[in-house]
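These notes are about the structure you will find just below.
Bear in mind that the values in this text are calculations on the coordinates, not laboratory data. This is a predicted model, so every value here is computed, not measured. Using ideal geometry, Cβ is built from the backbone for each residue, glycine included, and neighbour counts are taken over all protein chains shown.
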Amino acid sequence: MGLNGLPPAYEDFVRFFAAGDYLAANQVLEHCWREHRDNFYKGVLQLAVALHQQRNGRPEGTRKLLNKALENLAPYAPVYLGVDVARLLSAVRASEWREDGAYVPGEAVSEMAAALRQPWSGDDGGEEPVRPG
């Protein structure tokens, strides 16, 4: 386990998430969820996939996944393994929905990434994350 009991793959997940590569973020952390069946991992994975769906113009899939992510992450607030889950939830909820049903995360994505990044020191010029094969 890495810092605060989070798996080493979590750091890569956060780096991909912060870079907007939500599919790669999902791929590097999915095995942790499959191994531990922890709803925290499930929730952050759902968040990444929801943002991937949003980017691909799928508002209904985005809405469903965001609601599931909020539901799975809420029990872990305010803090879980050093992650500021309350801040993460607040950032997700701060985004707006357009009348046509599209989710517009805007600046909230940076806040989401910052909340996810809490357990480690952040982008300190370290190695690039290893892309899933």
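Checking every one of the trypsin sites (Lys or Arg not before Pro) in segment 40-108 against DSSP loop status and a limit of 14 other Cβ atoms within 10 Å picks out Arg98.
Shown here for segment 1-105: GluC sites (Glu not before Pro) in loop regions (DSSP other than H, G, I, E, B) with at most 16 other Cβ atoms within 10 Å, namely Glu99.
Legend: calculated FRET efficiency, Arg93 to Leu23, from the Cβ-Cβ distance at R0 = 35 Å, rounded to 0.05, equals 0.90.
Normalised by the number of residues in segment 3-117, the average gap of Cα pairs under 8 Å and 6 or more apart makes the relative contact order 22 percent.
Here the convex hull built on the C-alpha positions of segment 3-117 has a volume of 85 cubic angstrom per residue. The label-point distance for His31 and Glu71, in a model that sets each label 7 Å from Cα toward Cβ, rounds to 2.9 nm. Between Ser110 and Arg55, the contour length at 0.36 nm per residue exceeds the alpha carbon distance by 18.3 nm.
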